Amino acid sequence: MARTRGRRAGGLDTREAIIEEARRQFGGAGYAATTLRGVAAGADVDPRLVLHYFGSKKGLFEAALTLPVDPGVIVAAVLAGEGIAGGEDIGIRAAHQILRVLENPDARLAIIGNVRASVEDPEAASVVRNMLSERLLLPIARGIGVDHPELRAALMASQVIGLVIARYVVAFEPLASVGEEQLLRALAATLAGYLTGTWTQPGED
């Protein structure tokens, strides 16, 4: 592929530059308004490189959503009780791992942008659902062997997405400025209730 004069050539740094620019544009302009050509211009690359690396706008969005920690690693840590004192409580373990991601500035930027995008576009929403539910929360619910794991995972997702919007986007006070330890305990109680509370659907004994 011939290099366009003045533009960045292909390579690992180029791919990361495209992802960084995509996160900025998806977060600022939203999914519908963000284009492959616009991301290429912002990253100073040939638009053909964006297609080469990511294949489509959805592929670029999925790459921009990638967390600094593999969801499988988070799931394993929650189920194993790693990383925090009092780890015998599933709610504490889940809250600790979730906040460890959300309080990371780079990860938070990606998550905020993609939550915003998912609100406005069904294709973006499907990507977010897959990452948050199928790869993270549902494996936790299934891993501890509770009934109705899909419903419990969806309830956990509502808490996580609500937290992202209220604390980091709308900045509701005092939630926006509350300390991480206090937030951890409050979030843990809710997540534990969703994961281990008794749930009976109509028609069940």
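Things worth noting here:
- Residue in region 113-136 that is at pLDDT 85 or above and not in a helix (DSSP H, G or I) present: no
Here's the yes/no breakdown for (1) touching a Gly at 6+ places or on another chain (Cβ under 9 Å); (2) at pLDDT below 85; (3) not aromatic (Phe, Trp, Tyr):
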{"residue": "Val45", "(1), (2), (3)": "yes, no, yes"}
{"residue": "Leu65", "(1), (2), (3)": "yes, yes, yes"}
{"residue": "Ala85", "(1), (2), (3)": "no, yes, yes"}
{"residue": "Gly91", "(1), (2), (3)": "yes, no, yes"}
{"residue": "Leu102", "(1), (2), (3)": "no, no, yes"}
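- Flag if Ala189 is among the hydrophobic types (A, V, I, L, M, F, W, C), at pLDDT below 95, assigned by TED's automatic domain parsing to the domain that holds Arg116 and in contact with a Gly (Cβ under 8 Å, 6 or more places away or on another chain): yes
- All of Ala107, Ala141, Ala166, Ala124 fail the test of being touching a helix residue (DSSP H, G or I) at 6+ places or on another chain (Cβ under 7 Å) and farther than 21 Å from Glu20 by Cβ, apart from Ala141.
- Matching entry among Asn130, Asn114 (being surrounded by 13 or more Cβ atoms within 10 Å (Cβ to Cβ), without any contact (Cβ under 8 Å) to a residue 12 or more places away in the chain and at negative phi): Asn130
- Test for Val50: is it modelled with pLDDT of 90 or more, β-branched (Val, Ile, Thr) and over 10 Å from the mean Cα position of the chain (by Cα): yes
- Scanning region 162-177 for residues that are over 13 Å from Leu191 (Cβ atoms) and of a type in the set (A, V, I, L, M, F, W, C) turns up Val164, Ile165, Ala166, Val169, Val170, Ala171, Phe172, Leu175, Ala176.
- Taken over region 154-205, the criterion of being in a loop (DSSP other than H, G, I, E, B) and of a type in the set (A, V, I, L, M, F, W, C) is satisfied by Val170, Ala171, Phe172, Leu175, Ala176, Val178, Trp199.
The values are calculated or read from the model by the stated rules, or taken from the named source; none is laboratory data. Keep in mind that what you see is a predicted model, and the values were worked out from it rather than measured. Cβ atoms come from the backbone with ideal geometry, glycine included; neighbour counts cover every protein chain shown.
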